[in-house]
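K.L.:
Structure provided below as structure tokens; questions to follow.
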Amino acid sequence: MSKYNIQKTEKEWKKHLTEEQYKVLREKGTERPHTGKHNLNFDEGTYKCAACNQKLFESHSKFDAHCGWPSFDEAIKGTVTNVLDKSHGMLRTEIVCTNCGSHLGHVFNDGPTETGQRFCVNSVSLDFDKS
């Protein structure tokens, strides 16, 4: 049994997501930097998982890290889980949605705020609800 609340086959995910969303969210891909619609969005609101609609980040935690992807200094408690990522000859910490297991991006310990964290998230893995 899966540890995620949302259970779909890969065929169902492909039907539900765009090709780019599927590549990032389900195949752990990365969108090109500086191309995502949420990178420079600083409106007030809530960022949600594009695969399952779970709330992930509040706009007050977003900052411009100048890295080309939306960056946050904290996630909404219990919505993101860390997974060791040894791909591409690197050691990184992948972040996934706790509700559906979709890949969101990575978290780094070089954030500029008191949390010290920088959640570097693919825009395509997010939806946004403006306050």
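The values are calculated or read from the model by the stated rules, or taken from the named source; none is laboratory data. Just so you know, these numbers come straight off a predicted model, no measurement behind them. No Cβ is skipped: glycine too gets one built from the backbone with ideal geometry, and neighbour counts run over all protein chains shown.
K.L.:
Would you point out the residue of the stretch 76-92, among those that are exposed (fewer than 15 other Cβ atoms within 10 Å of the Cβ) and in contact with a Leu (Cβ under 8 Å, 6 or more places away or on another chain), that is nearest to THR46 (Cα to Cα)?
P.N.:
For the stretch 76-92, the residue satisfying everything is LEU84.
K.L.:
Out of contact with any Gly (no Cβ under 8 Å at 6 or more places or on another chain), closer than 24 Å to GLU10 by Cα, modelled with pLDDT of 95 or more and not charged (D, E, K, R): does that describe ASN53? Before the answer, list the steps.
P.N.:
Details: out of contact with any Gly (no Cβ under 8 Å at 6 or more places or on another chain): yes; closer than 24 Å to GLU10 by Cα: yes; modelled with pLDDT of 95 or more: yes; not charged (D, E, K, R): yes.
So ASN53 fits the description; yes.
K.L.:
State the number of residues belonging to the stretch 1-37 that are under 15 Å from ALA51 (Cβ atoms) and either in contact with a helix residue (DSSP H, G or I) (Cβ under 8 Å, 6 or more places away or on another chain) or not in a helix (DSSP H, G or I) (or both).
P.N.:
The qualifying residues number 22.
K.L.:
Out of all the residues in the stretch 85-126, which are more than 13 Å from SER61 (Cβ to Cβ), acidic (Asp, Glu) and over 10 Å from the mean Cα position of the chain (by Cα)?
P.N.:
ASP85, ASP110
K.L.:
Oh, and also: Within the stretch 67-77, is even one residue part of a strand (DSSP E or B) and within 15 Å of SER123 (Cα to Cα)? First the steps, then the outcome.
P.N.:
In the first step, residues of the stretch 67-77 are kept if they are part of a strand (DSSP E or B); the result is 71-72.
Then keep just the ones that are within 15 Å of SER123 (Cα to Cα); that gives 71-72.
Yes - at least one qualifying residue is present in the stretch 67-77.
K.L.:
Oh, and also: Sort through ASN39, ASN122 and tell me the only one that's under 24 Å from TYR22 (Cα atoms), polar (S, T, N, Q) and touching a strand residue (DSSP E or B) at 6+ places or on another chain (Cβ under 7 Å). Quick ask: steps written out before the conclusion?
P.N.:
Numbers: ASN39 fails: touching a strand residue (DSSP E or B) at 6+ places or on another chain (Cβ under 7 Å).
The conditions single out ASN122.
K.L.:
Next question. Any residue in the stretch 1-28 that's farther than 21 Å from ARG92 by Cα and touching a residue at least 60 places away in the same chain (Cβ under 8 Å): show its pairings with residues that are exposed (fewer than 12 other Cβ atoms within 10 Å of the Cβ) and not hydrophobic (A, V, I, L, M, F, W, C) at Cβ separation under 6 Å, as long as the two are six or more apart or on different chains.
P.N.:
As it stands, the answer is none, since no pair meets every condition given.
K.L.:
Another question about this same structure. If LEU104 satisfies every condition in (1) surrounded by fewer than 16 Cβ atoms within 10 Å (Cβ to Cβ); (2) touching a Ser or Thr at 6+ places or on another chain (Cβ under 9 Å); (3) under 19 Å from ARG32 (Cβ atoms) but one, which is the exception?
P.N.:
The number of the failed condition is (1).
K.L.:
Moving on to the next point. Hey, among PHE128, PHE119, which residue is among the hydrophobic types (A, V, I, L, M, F, W, C), in contact (Cβ under 8 Å) with a residue 12 or more places away in the chain, more than 24 Å from LYS14 (Cβ to Cβ) and assigned to a strand (DSSP E or B)? Let's see the steps before the verdict.
P.N.:
Values: PHE128 fails: more than 24 Å from LYS14 (Cβ to Cβ).
Every option except PHE119 fails the conditions.
K.L.:
Test of understanding: among GLU44, GLU31, which residue is modelled with pLDDT of 95 or more and either small (Gly, Ala, Ser) or crowded, with 19+ Cβ neighbours inside 10 Å (or both)? Break it down into steps so the answer makes sense when it comes.
P.N.:
Details: GLU44 fails: either small (Gly, Ala, Ser) or crowded, with 19+ Cβ neighbours inside 10 Å (or both).
Exactly one of GLU44, GLU31 is modelled with pLDDT of 95 or more and either small (Gly, Ala, Ser) or crowded, with 19+ Cβ neighbours inside 10 Å (or both), namely GLU31.
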